[in-house]
Amino acid sequence: MTSTAGKSIAKRKTKKIILADIPRVGPGTPAGEWLRRYWLAVGTVKDLHDIPQAVKVLGEELVLFRDEFGRLGLLGLHCPHRGTALEYGDIEDGGLRCPYHGWLFNVEGQCLEMPAEPKDSKFAQKVRHLSYPVRELGGLIFAYLGPHPDDPPPLPKYSPLMDRGGQRQIEPVRHCDYNWFNFYENSADPAHICILHRHAGYGEQTWGNHFFSYQEMPAFDYVEMDYGMKGVLTKPGPTPDTEFVDEMSLALPSIIQVGDTEFVHAKLDAAALMRDGSQCEHMLFLTPNDDDRFMIFTVDYYTGPEADFFEKLKQMRARELPKQEVKAYDRRKYVPFKGNIRQEDLITQSTQGLLGERQEQLAVSDRGVIMFRRIVMEALVTAWKGGVPKGLLPRERADQIIHLDSFVGVRAKRANQG
Amino acid sequence: MTSTAGKSIAKRKTKKIILADIPRVGPGTPAGEWLRRYWLAVGTVKDLHDIPQAVKVLGEELVLFRDEFGRLGLLGLHCPHRGTALEYGDIEDGGLRCPYHGWLFNVEGQCLEMPAEPKDSKFAQKVRHLSYPVRELGGLIFAYLGPHPDDPPPLPKYSPLMDRGGQRQIEPVRHCDYNWFNFYENSADPAHICILHRHAGYGEQTWGNHFFSYQEMPAFDYVEMDYGMKGVLTKPGPTPDTEFVDEMSLALPSIIQVGDTEFVHAKLDAAALMRDGSQCEHMLFLTPNDDDRFMIFTVDYYTGPEADFFEKLKQMRARELPKQEVKAYDRRKYVPFKGNIRQEDLITQSTQGLLGERQEQLAVSDRGVIMFRRIVMEALVTAWKGGVPKGLLPRERADQIIHLDSFVGVRAKRANQG
Amino acid sequence: MTSTAGKSIAKRKTKKIILADIPRVGPGTPAGEWLRRYWLAVGTVKDLHDIPQAVKVLGEELVLFRDEFGRLGLLGLHCPHRGTALEYGDIEDGGLRCPYHGWLFNVEGQCLEMPAEPKDSKFAQKVRHLSYPVRELGGLIFAYLGPHPDDPPPLPKYSPLMDRGGQRQIEPVRHCDYNWFNFYENSADPAHICILHRHAGYGEQTWGNHFFSYQEMPAFDYVEMDYGMKGVLTKPGPTPDTEFVDEMSLALPSIIQVGDTEFVHAKLDAAALMRDGSQCEHMLFLTPNDDDRFMIFTVDYYTGPEADFFEKLKQMRARELPKQEVKAYDRRKYVPFKGNIRQEDLITQSTQGLLGERQEQLAVSDRGVIMFRRIVMEALVTAWKGGVPKGLLPRERADQIIHLDSFVGVRAKRANQG
């Protein structure tokens, strides 16, 4: 942090961070500055081909590409020369070439060529285009848009991204057109599973029927973690000294791990699963495009014995279509939605409006949401003041595999702690 | 009116109401406050099924529903808990249940259940959601969005809404995407009938040809009424002591009655009609969704002898398609329109822009419009100051059938008075 | 200029004109006032039929029509009476009649009739609607929206618009949805031809291959002219004392002449062309609709011997489709574009953003653009202060044919001057 930056942070202290700051992610906003302290998923290896890919991240128009040598670059979308979108450029000669006048940029944003300039011109050497560090891990592409491009924090080695003898699947990227935080905080709210999703797959098989019952909901508990927060849902187990447990983790700034994917969707050998716990890590990386849109990157990592686990999972999900009968007079935009978990989440979250703008009356069962907002607000304040916000990986843990310990299964009863 | 309200009204006196205030209907605007003093049509019985119906009224996002016991409710669209649209909720268990966390609201907005709250929670009792009084009359559903929800003014028993041995028809609701007042004041402007509609059905049968002649227009006169204003159009009658008369009524805040429906469209026995006068009340209830859109609810009540009057009317209207030949080079958005009265009204009104913003030069033949704007402005000022605006039904007339006396036919000549 | 105008100009002197003023064309803006000093193309004779044509010019909503006597009129789109769009009016009885109340306006905006007014009313005589001078020349329709409607400057007799024994073609009007100046200044930038258009028709025939080579670009030079600016591109000629020349002219405020149309596209007898120079004037008239959209009116005038020159040109252009292979994963909006000059221009210019808002780093090869912006800025300043901006035709040249001398061919070597 330079002394200039220090001064600007000193000034910032006078701004009071409020709830309405959370959903706004543009440059210079508290949440925007906070999110810029971490690595964020911006693409997938599978979807990045030999053409540039325009992507908006935290309100910034950018272009992602892989050069001929396999290096990844994330540059400002508009050529610094006269503004043309590099999305239409050519990947060649060691970089990305603007279609208009052929300026060529390497992955660091360094201009390498200006074909129309005099042969002896040194101008190219002086032009460096906006460029952000990009890294590839486990099939995802991450970028760091923060204040220390030359010395970014370590990219956490989240366990599902690391090869450990299991099977990995990257789901097709989901693009949503509402504010990202509505989706994120929904994961701090287990009550909605028993209620909103009562018509869905959850209700149709053993785990869902028993655990996420509308009539008899599980007990909820929330634990603040070094990475963020964990929700712990419990019910009395098969024997008096055991309990059924379903946990989900929220790792700052925008990661969710849900542990019960194979229980709910894949319907494998339930008894073994109960005994051994979840064998599929299902991790979601959220990245806001701007205040109104976000992307969901989903990684599944399976370490169990089924060779065709993901094929089975896919088939199960395909069968989870909305089951709602649509009446002739029903013209509502999002009908049918009942019976499909993702559609159900969509209609409830996309109609909420912006946190801090909408009116709310929170209740006891919102205590997960309340705790999570508090944790996020503290992280915003910390980042705003130039400190190290929660969940930012310390350098000494750079080489560790980062496990989010979202257990699902039967275990010995314990006190309120995940 | 509470003393707080009294104070805020005292403050309001300092605001000068201007023409540009008329088309703006949001909460806290002069026209918005004025319109909120009356009952407004917000739906039809026929179109309200067993699913919630989102409807925007005067800039407020609301949801209309009928509970299992047949009671009508009009609540704020967004659940007071965390903002999800109740449009996707379920009508069950004595109310409307939010899809997200199952909060259940009855038609008065009282929260009845919060399934995820502790069994002994009393929080539901403390939550009352935004709710407006709703009533059903003659196939229409009316709501009162005003300052006295617990003691609203009487809902006027407009004659076409009351069963009196005749036949009633509710036309399909029309949704228009321009400012409602352009439509409303068009009815205070009989000149346009002879001119704009000269290509339309009016010109193709006896009544239209004779009465609304482009070459020889009827005399226009306007009379201020207790309910608003009436336009009186006259031509010399078949005998020296008689006159042909066509009247139309504008009842505040947003009602129009046109008397000549069967003359113009149904083409029944003309001699009898002339002698006996119109037997079909054709009443329009306008409700602004916001400043840019409005709905038209149309009720026809026929007291004549034809058993299949509405079937005939429907067939006549179906034949009144635009007759305009569309040339190959004609790419104008609203072509064809000539020959269809509703299309003709649409193109002229939707391109006018907002009253008070558009430039105008009014003429002698606009005296109906001028008088009507004056009457509306006075009502706005009265409402703004907390008084009783014109057309608001006094309690002592609550049980009367309200006739808007728009006569059409031949009658003895009289002085300038409707 | 009246003394009132003089005062307002005195005030204006305090405003500093900046680059960001160039692309904004609304009334009262510096560029808007500058463009209003000239005649601008607003339509074509061929496209103006017996119906009114709505057209937005410099941010003003207008309607163009030709009355029954063949006179052209350009009036405000909205009727001065109550605002209805005259686009839906009828051309009859010596003018354009509003559909709503039949007010009739002649091409000068004078109201001729108000059918609903009393027979003895004189009000029509007092109403004069917004009207701009319009003239027809060589198949195009020009309008003057400036401060001296009764005494506009002469409409320049640009040579391709004047009949001189050759053949004329008016191309279909192109409508573009980005700022007009991105297109205009692109013509002051010959570098882009060798680079952006390297995949296009230019590269596929003798002239393009040799002259606009990506590897060996021609020398560029720019000359300020009385009409604006000329770009002069040269390469060593077939003999030591000759040079190949390709010139293009930018005539203020918004005209481009490109000289090499038949070299590039028509592929006629190259040797003869080289010797005699271009025989086809290819002139573009740009007219901004507003800050985000503009129209391109293109006139070709051919004075060579080929009877079917335009038919050949059309066939050549039809073959110049984008040649780019579109990969299955390529979802970019404007793909394919490579190989079609107009598509290539579109993707580069439409993504630039507004001049003065976008960030830029200009180089030596932008010196044409830099000079041109300087010339335009000076014209803006001059017009803003009430002076005579560059390119405004003096009255004494009103009868001259205006040649823009964009030579293309081989000629004796000369010093740096067009």
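Miscellaneous remarks
- Interface size B-A, as summed buried accessible area [1.4 Å probe, Å², nearest 100]: 2600
- Cα gyration tensor shape of the range B:277-379, rounded if a/c is under 1.5, else prolate or oblate by comparing a/b with b/c: oblate
- Alpha-carbon Debye profile of the range A:59-208, log10 I(q)/I(0) at 0.13 Å⁻¹: -0.79
- A label point on B:A328, set 7 Å along the Cα-to-Cβ line, lies at 4.2, 4.3 nm from each of its counterparts in the other copies, closest listed first.
- Integer Hz, Karplus 6.51/-1.76/1.60 couplings in order for the range C:356-368, x for Gly and Pro: x, 9, 6, 8, 9, 10, 7, 10, 4, 6, 8, 5, x
- Three principal axis extents of the range A:337-418 based on alpha-carbon atoms, in descending order, are 45, 42, 26 Å.
- Net charge over other residues, Cβ less than 13 angstrom from the Cβ of C:T303 (K, R count +1; D, E count -1): -4
- The range C:135-190: C-alpha gyration tensor shape, a/c 1.5 cut-off, then a/b vs b/c: oblate
- For A:T242, nonlocal amide neighbours, meaning residues 5 or more places apart or on other chains whose placed amide H falls under 5 Å from its own, are A:G237, A:K413.
- Helical content of chain C, expressed as a calculated mean residue ellipticity at 222 nm, amounts to -5500 deg cm²/dmol (DSSP H runs of 4 or more residues, -39,500 (n - 2.57) each, divided by residue number, nearest 500).
- Computed on protein heavy atoms with a 1.4 Å probe, the accessible areas place C:R275, C:R317, A:R82 in the order C:R275, C:R317, A:R82, largest first.
- Kirkwood Rh, angstrom, the range A:55-101 [1 / mean 1/r, Cα pairs]: 10.9
- Sequence of C:T242, B:T303, B:T348 when ordered by accessible area, the most exposed leading, probe 1.4 angstrom: B:T303, C:T242, B:T348
- Summing charges over neighbours of B:E247, with a neighbour being any other residue whose Cβ is under 11 Å away from its Cβ, gives -2 when K and R count +1 and D and E count -1.
- Karplus-derived 3J(HN,Hα) values for the range B:393-399, using 6.51 cos²θ - 1.76 cosθ + 1.60 with θ = phi - 60°, are 5, x, 4, 5, 9, 4, 9 Hz; glycine and proline are entered as x.
- Candidates C:A20, C:A272, C:A328, ranked by Gaussian network fluctuation over chain C, Cα under 10 Å, top entry: C:A328
- Toward the positive end of the charge dipole of the protein assembly as shown, with +1 on the Cβ of Lys and Arg and -1 on the Cβ of Asp and Glu, the farthest Cα among B:W384, B:G70, A:F297 is that of B:W384.
- This model, with +1 at the C-beta of Lys and Arg and -1 at the C-beta of Asp and Glu, gives the protein assembly as shown a dipole about its Cα centre of some 3060 debye.
- Taking a sphere under 10 Å around the Cβ of B:T44 and counting the other residues whose Cβ falls inside, with K and R at +1 and D and E at -1, yields a net charge of -2.
- Rounded to the nearest 20 debye, the dipole size of the range B:152-198 about its Cα centre is 220 debye, using +1 on the Cβ of Lys and Arg and -1 on the Cβ of Asp and Glu.
- At q = 0.06, 0.08 Å⁻¹ the log10 of I(q)/I(0) for the protein assembly as shown amounts to -0.72, -1.18, computed by Debye summation with a single uniform scatterer per C-alpha, solvent ignored.
- Summary for B:D399: label point 7 Å along Cα→Cβ; distances to the equivalent points in the other copies, ascending, 9.4, 9.4 nm.
- Area of A:D399 that stays accessible when all protein chains are in place (1.4 Å probe, Å², to 10): 130
- Sorted largest first, the spans of the alpha carbon positions of the range A:216-343 along the three principal axes are 53, 35, 34 Å.
- Solvent-accessible area of C:C176 with every protein chain in place, 1.4 Å probe, in Å² to the nearest 10: 20
- Chain A, relative contact order [Cα under 8 Å, separation at least 6], %: 21
- Nonlocal amide H pairs with C:I91, under 5 Å, H built at 1.01 Å: C:R97
- Proximal aspartates and glutamates relative to B:K413, as straight alpha-carbon distance under 12 Å, when same-chain residues fewer than 8 apart are discounted: B:D241, B:E243
- Residue-normalised accessible area of chain B, expressed per residue, 1.4 Å probe, Å²: 40
- Beta carbon of chain B nearest to the axis of the rotation taking B to C, residue and angstrom distance: B:D292, 12
- Across the identical copies, the 7 Å label point of B:T239, projected outward along Cα→Cβ, sits 10.9, 10.9 nm from its counterparts, in ascending order.
- Choice from B:G70, B:G237, B:G102 with maximal GNM fluctuation in chain B (Cα, 10 Å cutoff): B:G70
- Selection from A:A272, A:G138, A:Y178, by position along the positive dipole direction of chain A (Cβ): A:Y178
- Averaging the sequence gap over all C-alpha pairs within less than 8 Å and six or more residues apart, then dividing by the number of residues, gives the range A:58-214 a relative contact order of 12 percent.
- Annotation: amide H of A:L137 within the under-5 Å range of A:F142, sequence separation 5 or more or interchain, hydrogens built in the peptide plane.
- Linear extension gain, B:Q315 paired with B:K327, 0.36 nm per residue minus alpha-carbon span: 1.6 nm
- For A:K327, the lysines whose Cα comes closer than 22 Å to its Cα, not counting residues fewer than 8 places off in the same chain, are A:K338, B:K46.
- Net charge dipole size for the range A:274-360 [Lys, Arg +1 and Asp, Glu -1 on Cβ; Debye, nearest 20]: 540
- If the convex hull is drawn through the Cα atoms of chain B, its volume per residue in Å³: 175
- The residue among C:M162, C:G95, C:C79 whose Cα reaches farthest toward the positive pole of the charge dipole of chain C, with charges on the beta-carbon of Lys, Arg, Asp and Glu, is C:C79.
- With all protein chains modelled, accessible area of B:K323 [1.4 Å, Å²]: 110
- GNM flexibility winner over chain A from A:Q361, A:Q167, A:Q349 (Cα, springs under 10 Å): A:Q361
- ³J(HN,Hα) computed for each position of the range B:176-184 - Karplus, 6.51 cos²θ - 1.76 cosθ + 1.60, integer Hz, glycine/proline x: 10, 10, 8, 6, 4, 6, 4, 6, 5
- For the range B:347-418, the carbon plus sulfur part of the accessible surface works out to 52%, probe radius 1.4 Å.
- Accessible-area rank, largest first, for C:D120, A:D366, A:D308: C:D120, A:D308, A:D366, with all protein chains present and a 1.4 angstrom probe.
The values are calculated or read from the model by the stated rules, or taken from the named source; none is laboratory data. Note that the structure is a prediction, hence the values are computed from the model and not measured. For neighbour counting, all protein chains shown are included, and Cβ atoms are generated from backbone atoms with ideal geometry for every residue, glycine included. For accessibility, only protein heavy atoms count, side chains too; no ligands or nucleic acids. Shrake-Rupley method; radii C 1.70, N 1.55, O 1.52, S 1.80 Å.
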